[in-house]
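Trainee: Dropping the structure in here first, questions after.
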Amino acid sequence: MHLHNTLSGRKEEFVPLNPERVTMYVCGPTVYSFAHIGNARPAVVFDVLARVLRRRYPRVDYTRNITDIDDKINAAAAKEGVEIGVITRRYTDIYHEDLDALGVQRPTFEPKVTEHLAHIISMIERLIANGSAYAAQGHVLFNVPSYAGYGELSKRDRREMIAGARVEVAPYKKDPSDFVLWKPSTDEQPGWPSPWGRGRPGWHIECSAMAEALLGDTIDIHGGGHDLVFPHHENERAQSTAAHEGATFARYWLHNGFLTMDSEKMSKSLGNVLLIREILKHAPGEAVRLALLTGHYRQPLDWNDEALADARRKLDRLYGALRDAGDVAASDAKAPDAFIAALEDDINTPAALAELFELAKALNKSTDAAERATLVAQLRDAGSVLGLLQQPPGEWFSQSTGSAGEGPSEAEIEAALAARLAAKAARNFAEADRIRDDLKARGVLVEDSKDGQRWRRA
RNA sequence: GGCUCGAUGGCAGAGUGGUGAUGCAGGGGACUGCAAAUCCCCGUACCUCGGUUCAAUUCCGGGUCGAGCCUCCA
């Protein structure tokens with residue numbers, strides 16, 4: 001298996017530190033608002049990676065945190081006049097619902113910052129004790145010059161970063177690039193007791209502490225969106241390495257490319273976000289998932305209606321092959337080697353998808369029962385690695401386009417089809433075609449197959 | 001300004017130093033009462049200018065254009 005490592009800038013062979021326990025950490029959401037489709041990309045991509053790893057290794061400990069201490073959460077809570085827990089519980093639940101709809105499996109561990117404060121504090125104490133951090137005016141800061149490797153991950157020179165910095169340097173910093181590990185809270189702000197007074201942790205230390213608590217000093221894979229490379233992951237790396245006396249923090253760094261809207265980054269601050277739940281009102285979750293996997297995970301992906309419609313048509317073809325295969329004998333055939341090889345080559349989902357279509361074509365052509373049974377099993381097994389093709393074909397074709405529910409009821413459709421069948425039997429093709437056109441106008445496509453009429457929603 | 005990454009046929013999107021993935025759209029044919037679905041056939045695509053090479057879309061350098069980071073952000 002090969003993975004592109006941001007640290008080295010190249011594709012490397014993946015060799016876990018301990019093949020009996022592969023460890024992976026992916027930065028999860030800060031739960032202060034709804035998740036948008038851009039947030040869904042890393043969740044789906046690393047879900048696929050976890051599935052691929054689990055085929056190969058007996059145990060994969062996948063941690064994806066929930067950041068439930070953050071100033072944006074404080075702001076949202078203050079605005080509503082509620083405790084932060086009200087906000088974080090609400091949006092954690094929504095995040096789970098959205099990802100469930102996209103077929104994203106839950107990670108092995110899903111730690112919350114509020115459950116790891118003791119660990120965060122102990123890690124900060126260790127950093128102070130070994131000279132990597134210092135307390136100043138109620139803050140604790142990580143001293144960046146104390147870590148020689150700073151900038152290696154994001155390939156940045158510290159001098160240039162300071163020169164290009166757009167923020168004012170706080171007076172208590174020893175070095176302009178030092179960043180906060182702990183900051184004081186006012187009486188109105190949420191805060192927790194610490195050796196440096198009542199306060200709250202900085203963003204970066206949270207992930208370092210949770211990774212250490214659940215996965216140990218060195219983890220195999222660390223993932224996240226490309227925008228996290230700097231400063232978040234650079235800082236995590238500095239803290240964790242310093243806290244662990246130089247031990248490697250993450251052996252492989254993976255970063256997914258961005259989702260754009262009309263070729264511009266989608267972000268809450270730009271205000272051009274498309275919420276996952278809005279999309280799900282008009283499209284099946286499986287199509288959204290496939291749309292997110294049509295491009296390679298490291299490439300930018302432009303999100304638009306056409307991309308989503310394209311994904312639906314692809315699923316129509318794939319599910320169509322399964323439907324036409326009808327009832328076949330059970331087979332325990334697994335995904336073909338070429339399919340797995342594509343995914344093990346830096347998660348090449350487009351190449352893997354191409355293999356899926358080859359299987360569908362072979363299935364459509366095959367007239368041999370045993371061969372068809374094998375192909376159906378291969379298609380479904382391969383689909384399961386991508387988190388696709390797991391529902392009965394009939395359900396795919398009869399589902400409405402989204403959670404909103406549209407079009408005529410199944411009873412109405414069945415009644416119309418019965419009338420059409422009678423018209424056809426009487427060779428009244430004009431009436432039969434009128435019924436078909438009428439249904440089409442209402443979003444239902446009728447097809448005549450060798451097994452009789454069948455329908456699907458457009 | 002500094003750094004990172006891209007530029008493939010109508011669209012999406014892999015990949016490769018020399019036999020043009022895959023899907024959608026489109027054209028032709030088979031099948032069909034007509035369609036749809038399915039199958040068969042059809043596209044001489046690799047931003048630009050140099051260089052290396054017997055051979056470059058693929059490697060190297062310049063340019064142009066695009067995205068991202070340098071500030072919270074997947």
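Trainee: Being in the same structural domain as A:Phe179 (by TED's automatic domain parsing), free of Cβ contacts under 8 Å to residues at least 24 places away in the same chain and among the β-branched types (Val, Ile, Thr) narrows it down to one of A:Ile128, A:Ile124, so name that one. Break it down into steps so the answer makes sense when it comes.
Mentor: Numbers: A:Ile124 fails: free of Cβ contacts under 8 Å to residues at least 24 places away in the same chain.
Every option except A:Ile128 fails the conditions.
Trainee: Exactly one condition in (1) within 20 Å of the chain's Cα centre (by Cα); (2) not assigned by TED's automatic domain parsing to the domain that holds A:Ala211 is not met by A:His233; state its number.
Mentor: Among (1) within 20 Å of the chain's Cα centre (by Cα); (2) not assigned by TED's automatic domain parsing to the domain that holds A:Ala211, the lone unmet condition for A:His233 is (2).
Trainee: Here is a follow-up. Among (1) surrounded by 15 or more Cβ atoms within 10 Å (Cβ to Cβ); (2) out of contact with any strand residue (DSSP E or B) (no Cβ under 8 Å at 6 or more places or on another chain); (3) assigned to a helix (DSSP H, G or I), where does A:Phe357 come up short?
Mentor: Answer for A:Phe357: the failing condition is (1).
Trainee: Mind checking which residues of segment A:250-265 are at pLDDT 80 or above and either out of contact with any His (no Cβ under 8 Å at 6 or more places or on another chain) or near RNA strand B (Cβ under 8 Å from one of its atoms) (or both)?
Mentor: Kept after step one, since they are at pLDDT 80 or above, are these residues of segment A:250-265: A:250-261.
A:Arg251, A:His255, A:Asn256, A:Gly257, A:Phe258, A:Leu259, A:Thr260, A:Met261 - these are the residues of segment A:250-265 that are at pLDDT 80 or above and either out of contact with any His (no Cβ under 8 Å at 6 or more places or on another chain) or near RNA strand B (Cβ under 8 Å from one of its atoms) (or both).
Trainee: Still on this structure, I have one more. Going by the structure shown, is A:Thr241 in a helix (DSSP H, G or I) and either surrounded by 22 or more Cβ atoms within 10 Å (Cβ to Cβ) or touching a helix residue (DSSP H, G or I) at 6+ places or on another chain (Cβ under 8 Å) (or both)? Working first, answer last.
Mentor: Working: in a helix (DSSP H, G or I): yes; either surrounded by 22 or more Cβ atoms within 10 Å (Cβ to Cβ) or touching a helix residue (DSSP H, G or I) at 6+ places or on another chain (Cβ under 8 Å) (or both): yes.
Against the criterion (in a helix (DSSP H, G or I) and either surrounded by 22 or more Cβ atoms within 10 Å (Cβ to Cβ) or touching a helix residue (DSSP H, G or I) at 6+ places or on another chain (Cβ under 8 Å) (or both)), A:Thr241 qualifies.
Trainee: Here is a further query. May I ask you to list pairs of residues, at least six apart or on different chains, whose Cβ atoms are under 9 Å apart, with the first in segment A:169-194 being assigned by TED's automatic domain parsing to the domain that holds A:Ala148 and touching a residue at least 40 places away in the same chain (Cβ under 8 Å) and the second being assigned to a strand (DSSP E or B) and surrounded by fewer than 19 Cβ atoms within 10 Å (Cβ to Cβ)?
Mentor: Sorted first by the residue in segment A:169-194, then by its partner, the pairs are A:Lys174/A:Tyr134; A:Lys174/A:Ala136; A:Trp182/A:Ala135.
Trainee: Please name all residue pairs, on different chains or six or more residues apart, with Cβ atoms under 9 Å, provided the first residue is in segment A:311-329 and is over 16 Å from A:Ser366 (Cα atoms) and the second residue is among the β-branched types (Val, Ile, Thr) and near RNA strand B (Cβ under 9 Å from one of its atoms).
Mentor: Qualifying pairs under 9 Å: A:Ala311/A:Thr294; A:Lys314/A:Thr294.
Trainee: Take residues that are surrounded by 13 or more Cβ atoms within 10 Å (Cβ to Cβ) and more than 16 Å from RNA strand B (Cβ to nearest atom) and tell me which of the strands (runs of 3 or more DSSP E) falling wholly in segment A:70-186 contain 2 or more.
Mentor: Working: elements: A:133-136, A:139-142, A:179-184.
The qualifying strands (runs of 3 or more DSSP E) are A:133-136.
Trainee: Just to be sure, is A:Gly387 on the phi > 0 side of the Ramachandran plot, within 19 Å of the chain's Cα centre (by Cα) and either among the aliphatic types (A, V, I, L, M) or in the same structural domain as A:Glu286 (by TED's automatic domain parsing) (or both)? Steps first, answer last, please.
Mentor: Values: on the phi > 0 side of the Ramachandran plot: yes; within 19 Å of the chain's Cα centre (by Cα): yes; either among the aliphatic types (A, V, I, L, M) or in the same structural domain as A:Glu286 (by TED's automatic domain parsing) (or both): yes.
The answer is yes for A:Gly387.
The values are calculated or read from the model by the stated rules, or taken from the named source; none is laboratory data. Nothing here was measured: the structure is a model prediction, and the numbers come from that model. Quick reminder, even Gly has a Cβ in these numbers, built from the backbone with ideal geometry, and neighbours come from all protein chains shown.
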